[in-house]
Structure formats: structure tokens, C-alpha cells
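Here is the structure we will look at.
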Amino acid sequence: MEGGDIFIQDFINDLQESPESQIQKCFRGSSILITGGTGFVGKVLIEKLLRSCRDLNTIYLVVRPLNGQNPNERVKEMFTSPFFDRMKMENPTYRSQVVVVKGDCFQPNIGLDEADLSRIESKINAVIHLAAATTSDNHPYCMLHMAICTNVRATRDLIILTKRFKNLKAFVYLSSVFTNPSVLDVYEQFYNSPIAASTIIQMVETLPDYILNRVTSGLVSEWPDVITFTKALSEQIIQSAGPELPACIIRSGFVLGTANEPIAGWTNDLNNLTGCALGSGLGLVRVFHGSSSVNAEIVPVDMLVNLLVVGCWELIGNRTEFVNEEVPKDTVNTLIYNYASSNYKPCSWNQLGEKFFKNEKNVSSSNFLWMPFYYVTDSIFIYWIMTFYLHTVPAKVVDLFIWFMGKESRLNEFYKRVHTAAKNLSSYQQIHVRYHNHNVKNLMNKLSPRDKILFDFDMSTLSWDDYFDKYLKGLRVYLMGNPLHMPETNNNTLNSPRY
């Protein structure tokens, strides 16, 4: 990196041909069904597969119509993003390997048409199930209804559909390390849920939304939010499928931007954490609440995707019996991987807030409302006092001034969203859990030296200072479309694309 700019050559490797890896050989000629492919993790997974496993046969993407676009139009638009430029250079014929299948995980049987199912059922070798509702989704139904249908019922229905996939060798599910917040030591095994997934599915299919809204807080009281509750139920469904389903579960922490590939610092996901970081860069968010005793469990999306691919490879062609002394022998039918940064490079919530503000101060922006001043505290009481004086009061004054000028005031509404995000994050900041990752270590040890480079998911190699420097600059470039100040013009500089 030179002069604070982001250059393509800083983030991509040579395009010279390298010897084929064990994982590349395993995926040669394979066909993979992916749900959630147009989401944040899904885009990175598709790019990685098409670039690093170019000899795979077909990627079937289950995509729903959205905002007036049909599934094919959405995928076509997705591939116009400069995020895929490196992949297009290395795999010019990529488009022939992608087949769009119309579906919707909110609908029964994930919305797949019988004709499409009949066409692809004999071809699928692996399923990677990423699709999930999030707390930021807008939907006409209540949050519980949407989350159960999209996250839990869809998992059940997809597993039922896999019985038709005669050549299925792997089913990979993306879960969360926060699915068992009341357990102090979380091992790579299943945990009992206080309520059956089938009961919850029946409840949301029969009860009206106003009743579901009333019972939601009681149902999810043990979890940080509705989403982690539904992830726990989905794990229960996978467990009930038994050894007939060749499955693995990847439990991930908070997923943030890329660390290395295909370009460092890329993100297009405006979640609670990203919103706070972006607000700090504009000089708007001046206070951050972060516990100094709880790890934030952040995970770079490209490293998570590498683990998804490697976990799938283990199921497809290299499955051996793991010896995990930490887990009872009768619970190892499904391999579970706890992927949490505290096992590699711990970063507390307090340290995370410091890194947000520290790095944003080093990135000047013409969009700053005022220069960043920040205060990080592990006291929720002090946090709310400080936000009142540094967020709420200035917002009221500025909005009043804007209103007098006859323009629409927005700052107060922005802070409401920031404070809602902070409230949502506070639930995670109270989770004092140790995550055991014996299976992750075993999987890493099985990789050849070549695959450890191509599919790196070892977070111990990260420098958080370097990561957040690139990540926060990436927020500016990719989410805001705001170029970094450049000392001179360079054709390889990423100016101001919006991915």
C-alpha cells in the first residue's frame, strides 16, 4: 500500500499457473447447489469457487425475484461488480458454469419448481446452505415469522429435498458461534434446545403475527436475538437428519470484510458493526460501548469462505474419522467447526472500538461532518450519558437548523439507528463463552502446503491493526463510493466503485 491508496496489485497474487491442489482435484467435475449466493458471504464463496476451483462443473444458485428483477437479472447484475474482475481474468468462461434456479427460502420447499428439481436432482454433489434472514431485513411479516420460515423451515425442507439428490456427498450449513450463549464452554457438538423446531414451525404457520410478536421475547430470551435462536433450531434439524445426511456445520463469529482475497478490505454488508464503523468515519459516531472482558469474535469473510470450501472438501472426498477427545463418541455423525477469532487472535469489544476509531482518524474524508472525536467505555451507563451529549443533542440542533433551511432533517433518525444497533450488539457483549475448536485444528492439519496457501483460514496469521486499516478504508471506497485522496493518478487504483 502506497500513500494510503488502495491498489489492485496490493491485494492480488500473480496470475501465473500453479500446481493443482488436492481440493481443486476434489471439486473437478462437481456440481454445487448454493442458497444465499447473492448475499455477502455468498458472493465471496461464488467468486472463490469460480476462481480457485475452475474445473468444477456447475454452480446452481437458488435465487428469488427481488425489487422487480427476476433471478437471472439479479445474478447478471451481481457479476457486473468489479469485485469479480480478478475471477473473470482467471476464468473467462465462468458464466457457463453458473445456472440460476428460481427459488425462495421463505416459501415451502424453498420455492423450487418441480421441473427444476427433476432437471438437477441427479447432478448435485454438494449443497452449501447460506441463505438466512437477518435482523436488518425488511419484510411484511413479523420478525419471528420471517426468520423461522427462512432459516428453520427452509433448512428442514432442503434436507428433505436432498433425499432426491442421489449423488449428494456433502451438505454444508453456515451457523453461528452464538447459538449456545448460556453454555460457558462450547464444544464442537450439538446442544439440546428447550423447544422442538417442528413445534416452532407449526406455530408460525398457524398463529397470526400479532400473537407471534407477543411471544417472541419469551421464546428467544436465552439468545441474543431471533436470528441466533433460529440458527440453533436449524442445527437441531440437521442433528435429527442422522448419519444418512453427510453434513458439517460451520459456526462463525461476526463476519466482516475480506482480509486478503480477491481484494483486501472489500465489503458490501451494512450490518450493526459496519454501521458503527462507518458512522465513526464520518465523524458522527463518537461513543462506542465495548466490554474489555468479552471477545468480539470477528471473522474475515474470505477466511470463512475458505473454511466452508475446505469443510465441503472433507465431506466429498477425504472423510476420515476425526478423533476429538472433547466430544462424546455418539455425537460425531455431523462434524461441527467452531470458527471464532478468540482461538487465534483475541480482540475484545473495547479493543474493537478503539481500532474502529483509531483507523478512521487516519482516513480523511470530504464527507466528514466534523473531525472524529471518540470515547470507548465498558460502562453501559456512561455510554448512554455520553451519547446523549455527543449524539442526541448535536443531532437535534443540526436537524433544527436544516429544518429552518427548508430541507429534510435526517441526523436524528441516523442516531436512532446507531443506538438501536448498539443496543442489539450489547446482547453479544454479555456472552462470556470459551469456544473449543479441536475439529478446526484437525482440518487445518490435513491440508497440503499448497492448500494451506490457496484456502487459508488460519486467523493466527492476521494483524488486526493491518486488517482494520484496510477494512475501514474499504468501507469508504466500497460502501460509500468515496475515493481515498490520491497523490497522483494511477490506472490500477480503485477509485470509487460501489460493489
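For the reader, a short list of remarks on this structure follows.
- Residues (assigned to a helix (DSSP H, G or I), at pLDDT below 70 and open to solvent by 20 Å² or more (accessible area, probe 1.4 Å)) located in the range 319-378: Lys329, Asp330, Thr331, Lys361
So that you can scan it fast, the table gives a plain yes or no per residue for (1) in contact with a helix residue (DSSP H, G or I) (Cβ under 9 Å, 6 or more places away or on another chain); (2) within 21 Å of Arg251 (Cβ to Cβ):
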position: Ile148; (1), (2): yes, yes
position: Thr155; (1), (2): yes, yes
position: Val172; (1), (2): yes, yes
position: Glu205; (1), (2): yes, no
position: Tyr210; (1), (2): no, no
position: Val215; (1), (2): yes, no
position: Val226; (1), (2): yes, yes
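- So Leu174, is it closer than 21 Å to Ser193 by Cα and part of a strand (DSSP E or B): yes
- Among the candidates Val204, Val186, residue that is open to solvent by less than 10 Å² (accessible area, probe 1.4 Å), more than 23 Å from the chain's Cα centre (by Cα) and aliphatic (A, V, I, L, M): Val204
- Enumeration of residues in the range 171-183 that are buried (at least 21 other Cβ atoms within 10 Å of the Cβ) and of a type in the set (Gly, Ala, Ser): Ser175, Ser176
- Filter result (surrounded by 13 or more Cβ atoms within 10 Å (Cβ to Cβ) and of a type outside the set (Ser, Thr, Tyr)) within the range 189-201: Gln189, Phe190, Ile195, Ala196, Ala197, Ile200, Ile201
- Checklist (1) part of a helix (DSSP H, G or I); (2) more than 18 Å from Tyr339 (Cα to Cα) applied to Lys231, failing item: (2)
- Within the range 104-118, the only residue that satisfies the criterion of being in a loop (DSSP other than H, G, I, E, B) and loosely packed, with under 13 Cβ neighbours inside 10 Å is Asp113.
- From the options Val99, Val127, Val62, Val41, residue that is touching a residue at least 60 places away in the same chain (Cβ under 8 Å), open to solvent by 10 Å² or more (accessible area, probe 1.4 Å) and assigned to a strand (DSSP E or B): Val62
- If you go through the range 290-306 and keep only what is out of contact with any Cys (no Cβ under 7 Å at 6 or more places or on another chain) and open to solvent by less than 30 Å² (accessible area, probe 1.4 Å), you end up with Gly290, Ser291, Val294, Glu297, Val299, Pro300, Val301, Asp302, Met303, Leu304, Val305, Asn306.
- Taking the range 257-297 as the range and being polar (S, T, N, Q), closer than 22 Å to Asn343 by Cα and modelled with pLDDT of 75 or more as the test, the residues that pass are Thr258, Asn260, Ser293, Asn295.
- Enumeration of residues in the range 207-228 that are in a helix (DSSP H, G or I), open to solvent by less than 20 Å² (accessible area, probe 1.4 Å) and of a type in the set (A, V, I, L, M): Leu212, Val226
- Residue tally, condition within 23 Å of Ser81 (Cβ to Cβ) and either open to solvent by 40 Å² or more (accessible area, probe 1.4 Å) or at pLDDT 90 or above (or both), over the range 471-488: 3
- Looking only at the range 433-468, and only at residues there that are more than 25 Å from Leu315 (Cα to Cα) and either of a type in the set (A, V, I, L, M, F, W, C) or in a loop (DSSP other than H, G, I, E, B) (or both), the one that is most open to solvent (accessible area, probe 1.4 Å): Ser463
- Residues satisfying the stated conditions in the range 443-463, i.e. basic (Lys, Arg) and either within 20 Å of Val44 (Cα to Cα) or within 20 Å of the chain's Cα centre (by Cα) (or both): Lys452
- Long-range neighbours under 8 Å by Cβ, at least six apart or interchain, first residue closer than 21 Å to Thr228 by Cα within the range 431-442, second part of a strand (DSSP E or B) and of a type in the set (Asp, Glu): Val433/Asp185; Arg434/Asp185; His436/Asp185
- Of the residues in the range 253-269, at least one is part of a loop (DSSP other than H, G, I, E, B), in contact (Cβ under 8 Å) with a residue 40 or more places away in the chain, open to solvent by less than 20 Å² (accessible area, probe 1.4 Å) and closer than 17 Å to Ser426 by Cβ.
Results for (1) at pLDDT 95 or above; (2) acidic (Asp, Glu); (3) in contact with a Cys (Cβ under 6 Å, 6 or more places away or on another chain); (4) closer than 16 Å to Asp157 by Cα, shown as yes or no for each residue.
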residue: Phe171; (1), (2), (3), (4): yes, no, no, yes
residue: Ser175; (1), (2), (3), (4): yes, no, no, no
residue: Ser182; (1), (2), (3), (4): no, no, no, no
residue: Asp185; (1), (2), (3), (4): no, yes, no, no
residue: Ser193; (1), (2), (3), (4): no, no, no, no
residue: Ala197; (1), (2), (3), (4): no, no, no, yes
residue: Tyr210; (1), (2), (3), (4): no, no, no, no
residue: Val215; (1), (2), (3), (4): no, no, no, no
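The values are calculated or read from the model by the stated rules, or taken from the named source; none is laboratory data. Source: prediction; values computed, not measured. Here Cβ is always computed from backbone atoms with ideal geometry, including for glycine, and neighbour counts include all displayed protein chains. Surface accessibility is based on the protein's heavy atoms, side chains included, excluding ligands, DNA and RNA. Shrake-Rupley method; radii C 1.70, N 1.55, O 1.52, S 1.80 Å.
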